[in-house]
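This report refers to the structure that appears directly beneath it.
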Amino acid sequence: MAIGHSARDTFEMLYKSNISLEGKPFSVGVRIEHLQSVINKSQYGKFYNHPSLGAAEYKLAVHLSNKRGVYTFCMCPGGQVVASSSEKYSVVTNGMSKFARDELNANSAVLVNVYPDDFNDSNPLSGIEFQRKLERKAFEIAGGNYNAPIQKVGDFLNGTVSKGLGVVVPTYKPGYSFCNFSDLFPNFILESLKMGIVEMDKKLHGFSSVDSILTGPETRSSSPVRILRNEKRESISLSGIYPCGEGAGYAGGIVSAAVDGIKCAESLMLK
């Protein structure tokens, strides 16, 4: 059962069928866009325009004084921010690069850890409801037309709505609306993002440049639910079911999900 982390109808069906589930940590945040040339200069230095070097990448993580972790995820060099909603009246962002990685902007998710203890609710699907509320709120504050809310980094750090664009032009389609992310995120997400972006600039010069663009929300980096299984990778509730991969709560990306799939297949063959 490799259902993916956005199979909300399936999670709800399993819960109603008394299949054992639990809430698990996940992350939410925004997409950040810079000019790819800024990232190249920061990573390559004086060689930033050398023809043998492709679009530069980065991977950043910081641990904050509030005990939250903030990290970049799914960095897309020379790419674009894309729409990824799977439900009506909601906005979800993701990122991608085409093969050449030659577009003007670089983008990455900037995510904050969210834990089951953040909800005063023992329901294992409470994380899904948290995601859903953010996605629907983003739809509303951006105009109710599937535009995504955006804010320049400088304005985000100062808590003001952006009045116009700087050197970075957002790539999200169908469009975008200037918003204040304080109207979208709870305070623990908002403040963690602010602190995290400032700290990341110490590791990658230009990361917090004022004209960089934040587009939100990114809510689907990992599953907020785990389908409980035993040491043989079989559901503890229903014999013959092997919850598998990222959606089932046992992987954190493409490679680890593939490895978990192999292990589940091996367990099935042994049985």
Every residue from segment 122-139 that is without any contact (Cβ under 8 Å) to a residue 24 or more places away in the chain and of a type in the set (D, E, K, R): Glu129, Lys133
For segment 190-207, give me each residue that is more than 16 Å from Ser65 (Cα to Cα), surrounded by fewer than 18 Cβ atoms within 10 Å (Cβ to Cβ) and touching a residue at least 40 places away in the same chain (Cβ under 8 Å). Lys203, His205, Gly206
Could you list, ordered by first residue, the pairs with Cβ atoms under 9 Å in which the first is in segment 36-58 and in contact (Cβ under 8 Å) with a residue 24 or more places away in the chain and the second is acidic (Asp, Glu) and in a loop (DSSP other than H, G, I, E, B), at least 6 apart or interchain? Gln36/Asp102; Gln36/Glu103; Ile39/Glu57; Gln43/Glu57; Gly54/Asp102; Ala55/Asp102; Ala55/Glu103
Considering residues of segment 258-271 that are farther than 24 Å from Phe73 by Cβ and touching a Lys or Arg at 6+ places or on another chain (Cβ under 9 Å) only, the residue surrounded by the fewest Cβ atoms within 10 Å (Cβ to Cβ): Leu270
Hey, could you check segment 1-52 for residues that are of a type in the set (Asp, Glu) and within 19 Å of Ser221 (Cβ to Cβ) and say which is nearest to the chain's Cα centre (by Cα)? Glu33
In segment 80-115, which residue that is over 26 Å from Glu140 (Cα atoms) and in contact (Cβ under 8 Å) with a residue 60 or more places away in the chain is surrounded by the most Cβ atoms within 10 Å (Cβ to Cβ)? Ala106
Residue hits (segment 223-257; assigned to a helix (DSSP H, G or I) and exposed (fewer than 13 other Cβ atoms within 10 Å of the Cβ)) are Ile254, Val255
Scanning segment 1-57 for residues that are closer than 25 Å to Ser212 by Cα and among the aliphatic types (A, V, I, L, M) gives Val28, Val30, Ile32, Leu35, Val38, Ile39, Leu53, Ala55, Ala56
Condition test on Ala148, is it buried (at least 24 other Cβ atoms within 10 Å of the Cβ), in contact with a strand residue (DSSP E or B) (Cβ under 6 Å, 6 or more places away or on another chain), closer than 27 Å to Gln36 by Cβ and hydrophobic (A, V, I, L, M, F, W, C)? yes
Whether any residue in segment 123-145 is of a type in the set (Ser, Thr, Tyr), over 19 Å from Ser192 (Cα atoms) and in a loop (DSSP other than H, G, I, E, B) is what I want to check. no
Which condition does Leu190 not pass, out of (1) hydrophobic (A, V, I, L, M, F, W, C); (2) part of a loop (DSSP other than H, G, I, E, B); (3) in the same structural domain as Tyr146 (by TED's automatic domain parsing), if it passes all the others? (2)
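The values are calculated or read from the model by the stated rules, or taken from the named source; none is laboratory data. Computed from a predicted model, the values in this text were never measured in an experiment. Positions of Cβ are backbone-derived with ideal geometry, glycine not excepted, and every protein chain shown enters the neighbour counts.
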